[in-house]
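Values in this text are rule-based calculations from the coordinates and carry no lab data. This is a predicted model, so every value here is computed, not measured.
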């Protein structure tokens, strides 16, 4: 009986030790760097500059609507076809127009599948313009 408990403890400790480096290597990226999430910046080019790995976090920062600025939000598409077409009706709203204020909206990259992000404001105009959209492929 003691032998079984010891083997279980060793197995658990081994698994935990394997997970520590994964958590330690996670980075946080502010989308658009110091330009944040705004109209007119090429986010495909921005994303191309970085390597994203499992457990990294993206932070979308943008000003809430105040009557003088252009509002933004963050949507996620399930597939490349809806992303390419900017089919906002088939996207999922991740962050509304106010959630990018302050510390911003955070999303942790926990899937090893592509993420297709865009701004869905004005029925997808910002997405269709081609600049407020980008793809992230997380690496293991």
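So how long is each side of the range 26-137 along the principal axes, counting just the alpha-carbon atoms, biggest first, in Å?
38, 31, 22
So what's the gap between the Cα centers of the range 24-69 and the range 79-140, to the nearest angstrom?
Their Cα centres are 11 Å away from one another.
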